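Read the structure below first, then the notes.
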Amino acid sequence: MTYCIGIRLNAGLVFLSDSRTNAGMDQISTYRKMMIYEKPGDRFMVMLSAGNLSISQSVREILQVEKIDRGPEMPGLTIWNAESMFDATRVLGAAVRRVYEQDGPSLKATGVDFNASMIFGGQIKGEAMRMFLVYSAGNFIEATRETCFFQIGESKYGKPILDRVLTPTTPLDEAAKCALVSMDSTLKSNLSVGLPLDLLVYREGALQADEHVCIDDRNPYFQMIHSTWGQRLREVFEGIDDPRWDGGDTEHPLLAPSTRYEPMRKITHPGERIV
């Protein structure tokens, strides 16, 4: 399995992915889930992938050369000549569908689902930054100001911190920190996600990215994130009052009566009904 995060902010984009792939308890490997497509000064795009590794690797290969026919008067649409990220994402969707046409029937015959999803984001000259979530069918949705991040893979463990912290105005470095905390929470709770990580920060209008790093278990900053986040969580937890069952004096009584629901009733003999 895997965990990938894509964040779209006013100031730029943040991408983070793990690299663990497992096909069973004793078949654990490392494969990078991030691909960077860059023509400095013209376009910058990143794809993160999750799901069946053979599918995502095939999509990566086909994406670099995939063309959508636009008629005899125009060259085929590719990620390298698309004038918008929407059109570039259409090309990615076409690549996913091409892989499905080639491999889908064989996978189905062996009982394997066609399972792959991608986060695809970047900027093309003359257009604002955009980010999309692409599904197994090749269809996609776009990140908005209301939903400024996407997750694929094992998303549930790392989602709470993203929900609480991220807004479109969040600074890029703060968003990168938030993504790493989200990833650390996932690593802590799910063995199918693992190091090393790939982190990339893209600044709006740059049309290239120089801020990217591979993070392993010896990375000092990630070690600090891991130890500090765990310690601070324990400190906050210990600072919350314990529940009082004796009705004693407290600012936050647990036994306050509900204004909407009746107290729980107990069944005391076989014939009793509470409904």
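Mind putting together the pair-distance distribution for region 105-162? All Cα pairs, 10 Å bins, whole percent per bin, short to long.
It works out to 19, 38, 28, 13, 2, in whole percents.
Is the shape of region 64-125 best called rounded, prolate or oblate, per the rule: a/c under 1.5 gives rounded, else a/b larger than b/c gives prolate, else oblate, with a ≥ b ≥ c the square roots of the Cα gyration tensor eigenvalues?
oblate
Can you give the charge dipole size of region 96-232 about its Cα centre, rounded to the nearest 20 debye, using +1 on the beta carbon of Lys and Arg and -1 on the beta carbon of Asp and Glu? Don't skip to the answer; put the middle values down first.
Working: 14 positive and 17 negative charges, 52 e Å.
Taking the Cα centre of region 96-232 as origin, the dipole is about 260 debye.
How large is ³J(HN,Hα), in whole Hz, for each residue of region 263-269 in order, when computed from phi with the Karplus curve 6.51 cos²θ - 1.76 cosθ + 1.60 and θ = phi - 60°, using x for Gly and Pro?
x, 4, 9, 9, 8, 10, 7
What residue among ILE62, ALA179, PHE150 has its Cα farthest toward the positive end of the dipole of the chain, where the charges are +1 on Lys, Arg and -1 on Asp, Glu, each on the Cβ?
Going by the charge dipole, the pick is ILE62.
Can you give me the Cα centroid spacing of region 244-275 and region 126-188 in angstrom?
Going from one Cα centre to the other spans 40 Å.
What percent do you get for the relative contact order of the chain when only Cα pairs under 8 Å and 6+ apart count? If you can, show how the numbers build up before the last one.
Values: 485 pairs, mean separation 64.3, N = 275.
For the chain, the relative contact order is 23 percent.
Per 0.36 nm of contour for each residue apart, how much would the distance between GLU73 and TYR221 grow if the chain were fully extended, relative to their Cα-Cα spacing? It would help to have the intermediate numbers written out before the result.
Values: separation 148, 0.36 × 148 = 53.28 nm, distance 5.29 nm.
Extra length available between GLU73 and TYR221 comes to 48.0 nm.
Taking loop as defined by DSSP and a crowding limit of 11 other beta carbons within 10 Å, which trypsin sites (Lys or Arg not before Pro) in region 156-226 fit?
Details: sites: LYS156, ARG164, LYS177, LYS188, ARG203, ARG218; in loops: LYS156, ARG218.
Passing both the DSSP loop test and the Cβ count: ARG218.
With charges only on Cβ, +1 for K and R and -1 for D and E, what is the dipole size of the chain about its Cα centre, in debye, rounded to 20?
Working: 30 positive and 36 negative charges, 106 e Å.
Computed charge dipole of the chain: roughly 500 debye.
Using a 1.4 angstrom probe on the protein heavy atoms only, could you order VAL213, VAL91 from most to least accessible area?
Working: VAL213 65, VAL91 0 Å².
From most exposed to least exposed: VAL213, VAL91.
Quick one: dipole size for region 173-222, taken about the Cα centre, charges +1 on Lys/Arg Cβ and -1 on Asp/Glu Cβ, in debye to the nearest 20.
Computed about the Cα centre, the dipole is about 180 debye.
Using a/c under 1.5 as the rounded threshold, could you call region 45-198 rounded, prolate or oblate? The axes a ≥ b ≥ c are square roots of the C-alpha gyration tensor eigenvalues, and prolate needs a/b larger than b/c, oblate otherwise.
Details: a/c = 2.55, a/b = 1.26, b/c = 2.02.
Cα axes put region 45-198 in the oblate bin.
Among the lysines, select those whose C-alpha is under 16 Å from the C-alpha of LYS39, and discard any that sit fewer than 8 residues away in the same chain.
Reachable lysines: LYS125.
Can you list the lysines whose alpha carbon is less than 20 Å from that of LYS159, not counting same-chain residues fewer than 8 positions off?
LYS159 reaches LYS33, LYS177, LYS188.
Which of THR167, GLY230, LEU207 sits farthest toward the positive end of the charge dipole of region 113-253, with +1 on the Cβ of Lys and Arg and -1 on the Cβ of Asp and Glu?
LEU207
What accessible area, in Å² to the nearest ten, does a 1.4 Å probe give for ASP210?
120
Along the charge dipole of the chain, which of PRO75, TYR31, SER49 sits closest to the positive end, that is, farthest toward it, with unit charges on the beta carbon of Lys, Arg, Asp and Glu (+1, +1, -1, -1)?
Final value for the positive-end residue is PRO75.
Per residue of the chain, what 222 nm ellipticity follows from adding -39500 (n - 2.57) for every DSSP H run with n ≥ 4, rounded to the nearest 500?
Details: 5 runs with 80 residues, N = 275.
Calculated at 222 nm, the ellipticity per residue is -9500 deg cm²/dmol.
Label region 1-108 by shape, choosing from rounded, prolate and oblate, from the square roots a ≥ b ≥ c of the eigenvalues of the Cα gyration tensor; if a/c is under 1.5 it is rounded, and otherwise prolate applies when a/b is larger than b/c, oblate when it is not.
On the way: a/c = 2.74, a/b = 1.28, b/c = 2.15.
Taking the square roots of the gyration eigenvalues as a ≥ b ≥ c, region 1-108 is oblate.
To the nearest 10 Å², what's TRP80's accessible area with a 1.4 Å probe?
It works out to around 80 Å².
The values are calculated or read from the model by the stated rules, or taken from the named source; none is laboratory data. A quick note: this is a predicted structure, and the numbers were derived from the prediction, not measured. Positions of Cβ are generated from backbone atoms using ideal geometry, with glycine treated the same way; all protein chains shown enter the neighbour counts. These area figures cover heavy atoms from the full protein model, side chains too; ligands, DNA and RNA do not enter into them. Shrake-Rupley method; radii C 1.70, N 1.55, O 1.52, S 1.80 Å.
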